[in-house]
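Just below is one structure, and these are the notes that go with it.
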Amino acid sequence: QKEVEQNSGPLSVPEGAIASLNCTYSDRGSQSFFWYRQYSGKSPELIMSIYSNGDKEDGRFTAQLNKASQYVSLLIRDSQPSDSATYLCAVIHPGGGGNKLTFGTGTQLKVEL
Amino acid sequence: DTEVTQTPKHLVMGMTNKKSLKCEQHMGHRAMYWYKQKAKKPPELMFVYSYEKLSINESVPSRFSPECPNSSLLNLHLHALQPEDSALYLCASSQDALMINYGYTFGSGTRLTVV
């Protein structure tokens, strides 16, 4: 069983629309949750972090966490073509020797003109 | 300085070569990491260094040998690699491996090709 799961997509949305990205995780001991954006051929870039249940907003981005359902989501409002990238959900969970940041498989987002 | 710097950006090596990847950060972070990323796959954790000591080795083959000379530097020594080891190697750092409320900052990566 994969530890962090995402729909691989591609998810296509028109410019100006809301993009909704979802992630589930299997380890109830997971403690911190992150969304990274990765453009093709580039390294992951941290865009959002969330640690407690509820919503967290930062500009056009809103992260949502529901620990009871083991579910994390990312909403991107007013989507722009420059938002086209792969979005990686990542989770910190305790492991032997220390905490580990584990990534989901990523969702490819395409914002169309 | 909020960057993690990796060198070289690209590396082509033969299966009998020995090479090293280098990573440097000056953010005062005390945890550093090596990840491997194959095409269209997520990054996979290889090693964790906490306060300059190796704390996690994710069962990585011994042809990969990490080294942390000081709190700012992290190396990955490569020897007798296989073509399937070709990948993007990412270095990352964070405040502290035991602190959970900080994301990792990634370097731009080294694109490794083994021929």
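So here's what we get for this one:
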{"quantity": "Filter result for A:Tyr39 (closer than 29 Å to B:Tyr89 by Cα, loosely packed, with under 15 Cβ neighbours inside 10 Å and within 14 Å of another protein chain (Cβ to nearest Cβ))", "calculated": "yes"}
{"quantity": "Evaluation of A:Ile47 against (1) among the aliphatic types (A, V, I, L, M); (2) modelled with pLDDT of 95 or more; (3) farther than 30 Å from B:Trp34 by Cβ (one fails), failing number", "calculated": "(3)"}
{"quantity": "Total residues in the range B:92-110, condition facing chain A (nearest Cβ under 8 Å), closer than 22 Å to B:Met13 by Cβ and in contact with a Phe, Trp or Tyr (Cβ under 8 Å, 6 or more places away or on another chain)", "calculated": "1"}
{"quantity": "So A:Ser73, is it open to solvent by less than 50 Å² (accessible area, probe 1.4 Å) and either at pLDDT below 95 or touching an Asp or Glu at 6+ places or on another chain (Cβ under 9 Å) (or both)", "calculated": "no"}
{"quantity": "Number of the condition not met by A:Leu46 [criteria: (1) open to solvent by 60 Å² or more (accessible area, probe 1.4 Å); (2) away from chain B (no Cβ under 14 Å)]", "calculated": "(2)"}
{"quantity": "Condition met for A:Glu57 (among the charged types (D, E, K, R), under 18 Å from A:Phe33 (Cα atoms), more than 14 Å from every other protein chain (Cβ to nearest Cβ) and open to solvent by 50 Å² or more (accessible area, probe 1.4 Å))", "calculated": "yes"}
{"quantity": "All positions within the range B:20-44 that are in a strand (DSSP E or B), more than 9 Å from the chain's Cα centre (by Cα) and within 10 Å of chain A (Cβ to nearest Cβ)", "calculated": "B:Ala31, B:Gln37, B:Glu44"}
{"quantity": "Residues of the range A:60-100 classified as among the charged types (D, E, K, R) and either within 10 Å of another protein chain (Cβ to nearest Cβ) or assigned to a strand (DSSP E or B) (or both), total", "calculated": "1"}
{"quantity": "Residue in the range A:21-31 that is open to solvent by 20 Å² or more (accessible area, probe 1.4 Å) and in a strand (DSSP E or B) present", "calculated": "yes"}
{"quantity": "Pick from the range A:76-92, criterion in contact (Cβ under 8 Å) with a residue 40 or more places away in the chain and open to solvent by 20 Å² or more (accessible area, probe 1.4 Å), ranking: nearest to the chain's Cα centre (by Cα)", "calculated": "A:Thr86"}
{"quantity": "Within the range A:1-20, considering residues that are crowded, with 17+ Cβ neighbours inside 10 Å and under 11 Å from the mean Cα position of the chain (by Cα), the one nearest to A:Gly106 (Cα to Cα)", "calculated": "A:Gln6"}
{"quantity": "Selection count, the range A:15-35, where residues are modelled with pLDDT of 95 or more and either out of contact with any Ser or Thr (no Cβ under 9 Å at 6 or more places or on another chain) or on the phi > 0 side of the Ramachandran plot (or both)", "calculated": "1"}
{"quantity": "Lone unmet requirement of (1) within 22 Å of B:Gln95 (Cβ to Cβ); (2) exposed (fewer than 14 other Cβ atoms within 10 Å of the Cβ); (3) not acidic (Asp, Glu) for B:Lys41", "calculated": "(1)"}
{"quantity": "Matching residues, the range B:60-115, being open to solvent by less than 50 Å² (accessible area, probe 1.4 Å), assigned to a strand (DSSP E or B) and closer than 21 Å to A:Gln38 by Cα", "calculated": "B:Ala87, B:Leu88, B:Tyr89, B:Leu90, B:Cys91, B:Ala92, B:Ser93, B:Ser94, B:Thr105, B:Phe106, B:Thr110, B:Leu112"}
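The values are calculated or read from the model by the stated rules, or taken from the named source; none is laboratory data. Quick caveat: nothing in here was measured; it's all calculated off a predicted structure. Using ideal geometry, Cβ is built from the backbone for each residue, glycine included, and neighbour counts are taken over all protein chains shown. Calculation scope for accessible area: heavy atoms of the full protein, side chains included, ligands and nucleic acids excluded. Shrake-Rupley method; radii C 1.70, N 1.55, O 1.52, S 1.80 Å.
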